[in-house]
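Worksheet: the structure to be examined is printed underneath.
The values are calculated or read from the model by the stated rules, or taken from the named source; none is laboratory data. It should be emphasised that the depicted structure is a prediction, and the values quoted were computed from it without experimental measurement. Counting neighbours? That spans all protein chains shown, and the Cβs are built from the backbone with ideal geometry, glycine included. Remember, those area values only see protein heavy atoms, side chains included, never the ligands or the DNA or RNA. Shrake-Rupley method; radii C 1.70, N 1.55, O 1.52, S 1.80 Å.
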Amino acid sequence: MMLYVVSTPIGNLKDITLRALQTLKSVDLIATEDTRHTKILLDHYGIQKPLTSFFDHNQSLKGQYLLGLLKEGKSVALVSDAGTPGISDPGYSLIQLAYDHHVPVTVIPGVTALITALTLSGLPAHRFIFEGFLPPKTVGRRKKLQSLKQEEGTVIFYESPHRLLKTLEDIKQELSDPCLVVARELTKKFEEVKKGRASDLMAHFSAHPPKGEFVLLINLTSE
Ligand code: SAM
């Protein structure tokens, strides 16, 4: 009986550890956000395992089902669509449930977009704040940004391409047009890092409409 929390790639399928592959080959069942998505990874590595879905809207029912299997002595791997389960992804509730029922849990660490972006950004990494996705509505987003004014360090957000320009506008207004880094399509063919003030990046992404997956990093370290 063991719940394995397994990190998978965020783009390049080679970014997976030997332990992750070994674990995915050895478990009885893989619980994943999207079975079709995970199947691509498994097929790439010739792994054939039963898959079951575990996502935000079925997590309480599915959690009980998975707990039942674990208690019968089965081993389950938890993966997400990309990166590390629980990081802006479902996962936390199953891990908590396992602990509550004395099911052993272990982690197979690996890639996550926030650390990959921070590493590549060249921004100070000795202190950072990860905010996940900003609120989708302008009022909530601006309020969150205002609350960060007093912070020190590098602030990291995940953002979708269709909200990028609005978010850059709010960052410009609320944080006095700070310098930031936009990291796009990390580990993939069109990986790109753009640096500049929010206003410069707005001009860039107005001319080159944003496509793909994005991480925003703002340097709030005082010089
Ligand atoms: N669990 C994942 C992790 O460990 O990073 C994050 C999942 S979250 C639902 C998805 C968001 O992560 C995307 O909208 C994007 O902001 C960021 N992301 C994931 N993969 C990325 C990549 N290859 N390049 C840039 N950002 C990425």
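Observations on the model:
- Qualifying positions in segment 94-126 - open to solvent by 40 Å² or more (accessible area, probe 1.4 Å), more than 14 Å from the ligand (Cβ to nearest atom) and free of Cβ contacts under 8 Å to residues at least 40 places away in the same chain: Q96, Y99, D100, H101, H102, A125, H126
- Of all the residues in segment 166-189, those that are under 18 Å from P209 (Cβ atoms) and surrounded by fewer than 15 Cβ atoms within 10 Å (Cβ to Cβ) number 2.
- For K137, the criteria (1) within 30 Å of S80 (Cα to Cα); (2) open to solvent by less than 20 Å² (accessible area, probe 1.4 Å) hold in every case but one, which is (2).
- Within segment 194-223, tally of residues that are at pLDDT 95 or above, away from the ligand (no atom under 16 Å from the Cβ) and either touching an Asp or Glu at 6+ places or on another chain (Cβ under 7 Å) or of a type in the set (D, E) (or both): 5
- Output for segment 144-161, where each listed residue is assigned to a helix (DSSP H, G or I) and either within 11 Å of the ligand (Cβ to nearest atom) or surrounded by 13 or more Cβ atoms within 10 Å (Cβ to Cβ) (or both): K144, L145, Q146, P161
- Residues that are among the β-branched types (V, I, T) and open to solvent by 20 Å² or more (accessible area, probe 1.4 Å) within segment 190-222 comprise V193, T221, listed in sequence order.
- Any hit, segment 73-82, residues being without any contact (Cβ under 8 Å) to a residue 60 or more places away in the chain and more than 16 Å from the ligand (Cβ to nearest atom): no
- Single unsatisfied condition, M202 versus (1) assigned to a helix (DSSP H, G or I); (2) of a type in the set (A, V, I, L, M, F, W, C); (3) in contact (Cβ under 8 Å) with a residue 60 or more places away in the chain: (3)
- Test: residue in segment 140-153 that is touching a residue at least 12 places away in the same chain (Cβ under 8 Å) and at positive phi: yes
- Wholly within segment 28-128, strands (runs of 3 or more DSSP E) carrying at least 2 residues that are small (G, A, S): 75-79
- So E169, is it part of a loop (DSSP other than H, G, I, E, B) and either under 16 Å from the mean Cα position of the chain (by Cα) or at negative phi (or both): no
- Taken as a whole, the condition of being away from the ligand (no atom under 15 Å from the Cβ), exposed (fewer than 12 other Cβ atoms within 10 Å of the Cβ), farther than 20 Å from Q22 by Cα and modelled with pLDDT of 95 or more applies to G68.
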